[in-house]
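Beneath this line is the structure, given in C-alpha cells, with notes to follow.
Since every read-out is calculated from the coordinates, none of them should be taken as a lab result. Only a predicted model underlies this, so the values are computations on that prediction, with no experimental measurement involved. In this analysis, Cβ positions are derived from the backbone assuming ideal geometry, glycine residues included, and neighbour counts consider all displayed protein chains.
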Amino acid sequence: MLPRLRHRLLVPIALLLLMAAACGTVASTWSTFSHTWDEPEHLAAGLQLVDTGHYDYDIQHPPIARTLLAIGPYLAGAHSQGLRPPDGKPEGIEILYGEGHYDLYLTLARAGVLPFLVLLIWVTYLWGRTVLDRGGALAAAAIVASTPTVLGHAGIATLDVAAAATCLLALYAFRAWLLTGRLRDAAMVGVSGGLALGVKMSAIPYGGIAGVLILGIHLVDEHREPSRRQPVSAGGWWTGGVIALTFVIAVLTSAYGGRWIYLTDHIHHFNQAIGYLFGYKTGLLREPAYDFFEHVPVPLALQWYLGALQAVTVHNDRGHLSYLLGELRSGGWAGFYLLAIGVKTQWPLLLGGLAGFGVLVRRAWQEARLAPLTLPAITAGILFFASDYSHINIGVRHVLVVYPLLAVGAAVTTVALWRQIRSRGRGALIAAVVLAAGVLGESVTLVKTWPDYLAYFNPFAPHPEQVLVDSDLDWGQDFKRLRIRLAELQIPSVSLAYLGTADLNRETLPSYRLLTNPEQPVSGWVAVSALARAYSPGHLAWLDAYPVREHIGHTIDLYDIPAISASPATQ
C-alpha cells in the first residue's frame, strides 16, 4: 500500500517542483529588465479599479489579470494618480516613477503573473492527460515550462500568459462537461469561462472556435459509438447551460467591481452600450431597449464589456502598424503568426509538436474516432482565425495559447520515442539519438538564453531584427541595461534612437539628445534600439557604415562614431 501511495504522489510532487522551478526562473529575470511598452498601461488600469472602483484606461482589455498585477503595488502603497483617460501609459509611468519605488512596484506587478504561469503548467498537464498517461502529461508540462517564449512573457506584467492559461482551462472544462454532463462540471465551465472572458477579448474567438470544434468532435464520436454512461437529458443540458452562463455573468460582474446601474434614464437618452447593441440612431429595438434599461438595472460590467468589445473591434478594423521581414504595414499579413511561431519556437518543441500531432492523426485513423484530433484541430482553428482575421500583428504573444498544445504534441512524440527505445527494435538507436538531442537542445536553450527569454529566436532566424521586432524582440526591456552600461563607460553624452515608454527625464542618463531626424548622421556615442531602427525611415541606414561598439542585451546597439567630417571608408 505504501509503495503505491508513494508512486501516486510522485507526479503531483514533480509537478509542484516544476511549477516552483519555472516561477523561480522567471523571477530571476525581473531585475534585469526595465518595464516594457504595455506594462505601465496594464498597471494603471488595474490599480485604478482596485483603488477607485473605476475602469477607464485602455478598456479594450478586461480587468481580471490587470487586477492581479495591481494588487501587489497597491498593498505596497501605490495609488491611482487620476490622470486623464483613456490612455493609461502616462498614468502608469507616473505610478512607476513618481513615488520613488520603481523597482518595487514593477517587481510586485510582475509577480502577479506567476499564478497564471502555474495555472498554464497545470492546464497543460490536464490536456496532456487527455491523450497520455501521467508521465507523458508531466513531460508536456515540463516542455511548456521550459519554453523561452512562454517564460519571457511570464516575466513581465502583461496579459498573454493569463489569457492562454484561462482560455485553455475553460476549453478543458467544456470538454469535461460534454463527457460527463455533471452540473458541477457545468459550473466549472462557467467559472473558467468567466475568467477567460475577463482576462482578454481573444477568449471570445479562440474559445468559440475551439469550443465548436470540441463539440463537433464529441457529437460525431457519440453518434458513431454512444458511450455506456447514462445519457444526459435535454433538460439536464439546459440546466447545465444556465448554470454555466450564471457563473460567467457572476465572474464578470465581480471582475468589474460588482456594481449595478441603470444604463439610461429619462434625462440621459444616449448610452454607448445600448447603441452598440441596438443601433445608435435607428433600429427596431432601439426605443424598447431604452425603455427597458431605464427601469431594469444591469451589471456595470455589461456596459464596460461591450465597450471593450467595440474598442478591440475598431482597433482590429483600423489595423496596427507592424513590422515583418523589413516591411512596415498597418493591415497585417496572412502568414504573420505562422512565421512568428516558426522562428520564435525552439526546434524540439516545434518539430516534436508537429510530429506528435501527426501521431494523433494516425491514432484517430486507427481507432476510427475523432477524439485524438482535438488538439491538432483546435491549434489549426486558432491559427487559421488569427492569420485570416487579425490585423493586429504585433507579436507571437497573441497566439501564445497554442504553445501548451504544441507541448502536448511534443510529449506525444517523446513518449513514442521512449517506447521505441524500450522495444530495443531496429529503430531504437535512432529514437534514442533523437530523444537525447531534443532533451539536450531544450535544456541548453533554456540555460543559454537566460535571462533574455522575451527576445529568443531559434536558429531559423540568425538575424531576428530583420524578421520580427515589436514584442518579439524589442519591447523596450533593455533600456535599464543601457543606462547601467552608459554609467560604467562614463559616457558624458549620447544620442538616442529609442521607442518605448521609459521616462527619459527621470532616468539617470548622461546628457542626451534624441535622433529626431533618423536620416541625419551624427557623431559621438549613439544608442539605437531595434524597434526604433525598424520603424524609422530608411531604418537609420547611415549607421551601417560604422561598426557596432557593443550590443546592449539583444535589442540595443551602441556606437562610437567619429566626427562626421571623417569618411567612414578612411576609418
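In the frame of its principal axes, the range 1-118 has Cα extents of 64, 28, 23 Å, reported largest first. Ignoring lysines fewer than eight residues from residue 480 along the same chain, the ones with Cα atoms less than 27 angstrom from its Cα are 89, 344, 448. With each label modelled as a point 7 angstrom along the Cα→C-beta vector, the residue 519-residue 284 pair spans 5.7 nm.
Rounded, prolate or oblate: which one fits the chain, using the alpha carbon gyration tensor with axes a ≥ b ≥ c (rounded when a/c is under 1.5, else prolate when a/b beats b/c, else oblate)? Oblate shape, in that a/c is at least 1.5 and b/c is the bigger or equal ratio. Centre-to-centre separation between the Cα atoms of the range 147-165 and those of the range 203-260: 27 Å.
Between residue 183 and residue 320, take the C-beta separation as r, use R0 = 41 Å, and let me know the FRET efficiency to the nearest 0.05. Can you show the working numbers first?
Values: r = 42 Å, r/R0 = 1.03.
Given R0 = 41 Å and the Cβ-Cβ separation, E is 0.45.
Over the range 479-570, calculate the relative contact order: mean separation of alpha carbon pairs under 8 Å at least 6 apart, over the residue count, as a percent. Computed value for the range 479-570: 29 percent relative contact order.
In units of the rule-of-thumb radius 2.2 N^0.38 Å, the range 479-570 shows an alpha carbon radius of gyration of 1.02.
Given a Förster radius of 22 Å and the C-beta distance between residue 389 and residue 215 as r, what FRET efficiency does 1/(1 + (r/R0)^6) yield to the nearest 0.05?
0.60
Restricting the trypsin sites (Lys or Arg not before Pro) of the range 408-442 to loop positions (DSSP other than H, G, I, E, B) with no more than 11 neighbouring Cβ atoms within 10 Å leaves 424, 426.
Amide H contacts for residue 470 (H built 1.01 Å from N in the peptide plane; partners 5 or more residues away or on another chain; cut-off under 5 Å): 323.
To the nearest 20 debye, what is the magnitude of the charge dipole of the chain about its Cα centre, counting +1 on the Cβ of each Lys and Arg and -1 on the Cβ of each Asp and Glu? Please list the in-between numbers first.
On the way: 39 positive and 40 negative charges, 540 e Å.
Taking the Cα centre of the chain as origin, the dipole is about 2600 debye.
Our note on the geometry: Cα centres of the range 9-63 and the range 289-333, 23 Å apart. Straight-line cross-link reach from residue 281 at under 19 Å between alpha-carbon atoms covers these aspartates and glutamates, not counting any fewer than eight positions away in the same chain: 265, 291, 294.
By DSSP, what percent of the beta bridges with both residues in the range 479-570 are antiparallel, rounded to the nearest 5? Given both bridge residues lie in the range 479-570, the antiparallel proportion sits at roughly 55 percent. Each listed q (0.27 Å⁻¹) maps to a log10 I(q)/I(0) for the range 348-426 from the Debye sum over equal C-alpha point scatterers, namely -1.22.
Suppose R0 equals 51 Å; then what is the FRET efficiency for residue 129 and residue 51 from their Cβ-Cβ distance, rounded to the nearest 0.05?
Values: r = 41 Å, r/R0 = 0.80.
E between residue 129 and residue 51, to the nearest 0.05, is 0.80.
How large is Rg/Rh for the range 277-360, to two decimals, with Cα atoms and a Kirkwood Rh?
Numbers: Rg = 22.1 Å, Rh = 17.6 Å.
On the Cα set of the range 277-360, Rg over Rh gives 1.25.
Couplings 3J(HN,Hα) of the range 49-55, computed from phi: 5, 5, 8, 10, x, 9, 8 Hz, in residue order, whole Hz [Karplus 6.51 cos²θ - 1.76 cosθ + 1.60, θ = phi - 60°; x for Gly and Pro]. Three principal axis extents of the range 160-243 based on alpha-carbon atoms, in descending order, are 40, 24, 15 Å.
A dipole drawn for the range 450-506 from +1 and -1 charges on Cβ atoms has a positive end, and of 476, 502, 489 the residue lying farthest that way is 489.
Once you sort the root eigenvalues of the Cα gyration tensor of the range 218-327 as a ≥ b ≥ c, which label holds: rounded (a/c under 1.5), prolate (a/b larger than b/c) or oblate (the other case)? Provide the component values of the computation, followed by the final result.
Details: a/c = 2.30, a/b = 1.29, b/c = 1.79.
The shape class here is oblate.
For the range 105-112, putting each phi into the Karplus relation 6.51 cos²θ - 1.76 cosθ + 1.60 with θ = phi - 60° gives couplings of 5, 5, 5, 5, 5, 5, 5, x Hz, in residue order, rounded to whole numbers and with x for Gly and Pro. Taking Lys and Arg as +1 and Asp and Glu as -1, the other residues whose beta-carbon sits under 13 Å from that of residue 431 total +4.
Centroid-to-centroid, using Cα positions, the range 453-484 and the range 396-448 are 26 Å apart.
DSSP finds beta bridges in the chain, and of those with both partners inside it, around 65 percent are antiparallel.
Rounded, prolate or oblate: which one fits the range 97-209, using the alpha carbon gyration tensor with axes a ≥ b ≥ c (rounded when a/c is under 1.5, else prolate when a/b beats b/c, else oblate)? It is oblate, given that a/c is not under 1.5 and a/b is not larger than b/c. Only helices enter the 222 nm calculation for the chain: every DSSP H run of n ≥ 4 contributes -39,500 (n - 2.57), and dividing by all residues gives -18500 deg cm²/dmol, rounded to 500.
Projecting label points 7 angstrom from Cα along Cα→Cβ for residue 260 and residue 503 puts them 4.1 nm apart.
For residue 549, the amide hydrogen comes within under 5 Å of the amide hydrogens of 558, 559, 560, counting only partners 5 or more places away or on other chains and with H modelled in the peptide plane.
Report the full-extension gain for the segment residue 329 to residue 27: residue separation times 0.36 nm, less the Cα-Cα distance, to one decimal in nm.
Values: separation 302, 0.36 × 302 = 108.72 nm, distance 3.51 nm.
Between residue 329 and residue 27, full extension yields an extra 105.2 nm.
Got a sec? How would 31, 511 order by Cβ neighbour count within 10 Å, fewest to most?
Values: 31 11, 511 8.
Fewest-to-most ranking of 31, 511: 511, 31.
What translational D, rounded to a whole number of µm²/s, comes out for the range 329-372 from Stokes-Einstein when the hydrodynamic radius is the Kirkwood one over Cα pairs, at 10 °C and 1.306 mPa s? Estimated diffusion coefficient is 127 µm²/s.
A simple rule links phi to the HN-Hα coupling: the Karplus curve 6.51 cos²θ - 1.76 cosθ + 1.60 with θ = phi - 60°, which for the range 547-556 gives x, 6, 5, 6, 9, 9, x, 10, 10, 10 Hz, with x for Gly and Pro.
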